[in-house]
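Below is one structure, written out as structure tokens; comments come after it.
The values are calculated or read from the model by the stated rules, or taken from the named source; none is laboratory data. In this text, all values refer to a predicted model and were calculated from it rather than measured experimentally. Note: ideal-geometry Cβ built from the backbone for every residue, glycine included; neighbour counts use all protein chains shown. All accessible areas refer to the heavy atoms of the entire protein, side chains included, with ligands and DNA or RNA removed. Shrake-Rupley method; radii C 1.70, N 1.55, O 1.52, S 1.80 Å.
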Amino acid sequence: MKNIVLLGATGSIGKSCLSVIRQNKEHFHLFGIGFGSNLDKAQEIVQEFNPDHIFVAQSQSDKSHSFWKTHSNTLSNEDELQGLIQDPKVDIVISAISGFAGLKASYFAIEAGKTILLANKESIVAAGDILMPLADTKDSEIIPVDSEHNALYQCLPRERNLNEISKILITASGGPFREKSLIDLKGVSLEDALKHPTWSMGAKITIDSATLVNKCLELIEAHYLFNIPESQIEIIVHPQSIIHSMITFIDGSTIAQMSNPSMEVPISNALGMGTRLPINFQQIDFSKLNLSFQPVANDREIIFDMAREVCNRKGNLGVIFNASNEIAVDAFINKNIDFIDIYKVIQRTFDYFSCSKVSTIDEIFEYDKEARIQAEKVIKSLH
Ligand code: NDP
Ligand code: MG
């Protein structure tokens, strides 16, 4: 029986994780959950899974909710969260809080030498220079949950001989605006941006998919997780989201991982840690498959150029890229800026900073703060 701490339990990834755990109860015990403010959802999870520990990040003031009457032993500050993650009984930490807010949890898990199932790509983008060497030192295994990276993880031979890789191909659905040119995106509504053609996900990542910034984050994530130069990583648009990514080896063979789009597939693979866990899934009907591929549109390349620069120069560039995007997406969701302005906010914030080396996690938090302030200034300048 493996003890799991699921952080981001009330979210979209949290829901898929709980489904896989529910289908494999004999192997997993939900030792702890963490979430932000959705007390109703948390209440349901607690009733069904009865976790030993509950971490609530944001709802301290809402003490009238029945949740607080029934669960008096909840944890609510960062030290307590760290204590929970460090508990020797914990085997697996699932990092599925959304955005930069998930970095602390990823950091605590890696620092504690735990096996971490990583959904929170923002952790690696912002702090790859700190987290990857730390994982080596602390012998913490990072297993990717993001569908593309889990696909790559499955395609890689066990011995991981990176010299045998010719290139990595990360697939992209292209999001809801795949057919539109950049100028046509002026004035698109929040509702349209939230309509993802193939995946159902939380709001922030859905907007990232519409801008294609999600693919930029994934490019950086792949670069760090697999230690592959960006020049060997290609993004290819594949609207059906059946092939989740591929590796071409130096002998000309390409290995792809396929499934119908469901996050339960990569999650069960990651939780299985080498064994295949049974889950209910929808079989691919190969006789009806019609797979297509196309390059990323030229007018979106500018955003990928920044992501490639992050991979090549590293340091503070990842945290700046991520923070400016989070501020821009937030402003778009709150209807403060146009969809197309998301690119301007990222580009102008990114260009404002020069590249500096980072050596501590505190510096990452500092740069995050500075980049957010700068991104807000850019937003003001747009009005
Ligand atoms: P959601 O918005 O659906 O869920 C986010 C979760 O994080 C919720 O449980 C939320 O709690 C919690 N949360 C938010 N802020 C905090 C905080 N400060 N402290 C503690 N908990 C917090 O997001 P997703 O599930 O879609 O995404 C989660 C992560 O997984 C992201 O990093 C995303 O990029 C990544 N990912 C998601 C995929 C998907 O299919 N959804 C695919 C691949 C990667 P509450 O709601 O209670 O406030
Ligand atoms: Mg993905």
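Side notes on the structure shown:
- Cleavage-rule hits, trypsin sites (Lys or Arg not before Pro), segment 17-64, DSSP coil, Cβ neighbours within 10 Å at most 11: Lys25, Lys63
- Largest mean-square fluctuation among Asp305, Asp129, Asp91, in a Gaussian network model of the chain whose springs join Cα atoms under 10 Å apart, belongs to Asp305.
- Of the GluC sites (Glu not before Pro) found in segment 103-211, those in coil by DSSP whose Cβ has at most 10 other Cβ atoms within 10 Å are Glu159, Glu179.
- Note, ³J(HN,Hα) from phi for segment 45-50, Karplus 6.51, -1.76, 1.60, rounded to Hz, x at Gly and Pro: 5, 5, 4, 7, 9, 6
- Under the Karplus curve 6.51 cos²θ - 1.76 cosθ + 1.60, θ = phi - 60°, whole-Hz ³J(HN,Hα) for segment 246-257, x wherever Gly or Pro sits: 8, 10, 9, 9, 5, 8, x, 6, 10, 10, 10, 10
- The mean accessible area for residues of segment 134-187, using a 1.4 Å probe and ignoring ligands and nucleic acids, is 48 Å² per residue.
- Accessible area in square angstrom per residue, segment 1-90, 1.4 angstrom probe: 48
- Relative contact order (%) - the chain, alpha-carbon pairs under 8 angstrom, separation at least six: 16
- Here's the list of aspartates and glutamates a cross-link from Lys114 could span, going by alpha-carbon distance under 13 Å and ignoring same-chain residues fewer than 8 apart: Asp87, Asp91, Asp136, Asp139, Glu141.
- Cα pair distances exceeding 17 angstrom across segment 242-304, given as percent: 61
- For Val237, the residues 5 or more places off, or on other chains, whose built amide H falls under 5 Å of its own are Ala172, Gln294, Val296.
- Contour excess over end-to-end distance, with Cα ends at Glu301 and Phe286 and 0.36 nm allotted per residue: 2.1 nm
- Using all pairs of distinct alpha-carbon atoms, the Kirkwood hydrodynamic radius of segment 68-201 works out to 17.7 angstrom.
- Modelled spin-label separation between Gln43 and Ser189, with each label point placed 7 Å from Cα along the Cα-to-Cβ direction: 3.2 nm.
- Where trypsin sites (Lys or Arg not before Pro) fall in DSSP loop in segment 112-166, at most 10 other Cβ within 10 Å: Arg158
- Taken as Cα centroids, segment 1-66 and segment 305-341 sit 30 Å apart, rounded to the nearest whole angstrom.
- Share of carbon and sulfur in the accessible heavy-atom surface of the chain [1.4 Å probe, %]: 48
- The slack in the chain from Met132 to Thr254, taken as 0.36 nm per residue of separation less the alpha-carbon distance, amounts to 41.2 nm.
- Distant-in-sequence amide contacts of Ile279, defined by a placed amide H-H separation under 5 Å and a gap of 5 or more residues or a different chain, comprise nothing.
- Net length gained if the chain between Ile373 and Arg276 were fully extended (0.36 nm per residue, minus Cα distance): 30.4 nm
- Bridge orientation summary for segment 2-76: considering DSSP beta bridges with both residues in this region, about 0 percent are antiparallel.
- Taking the DSSP beta bridges with both ends in the chain, the antiparallel portion is around 30 percent.
- Across the chain, Cα-Cα pairs farther apart than 31 Å form 35% of the total.
- Calculated [θ] (222 nm, deg cm²/dmol) that DSSP helices of n ≥ 4 give over the chain, each run adding -39,500 (n - 2.57): -14000 deg cm²/dmol
- Amide H contacts of Leu75 (H built 1.01 Å from N, in plane; Pro and chain starts excluded): Ile54, Phe55, Val56 sit under 5 Å, all sequence-distant by 5 or more or on other chains.
- Gap separating the Cα centres of segment 68-133 and segment 152-225, nearest whole Å: 24
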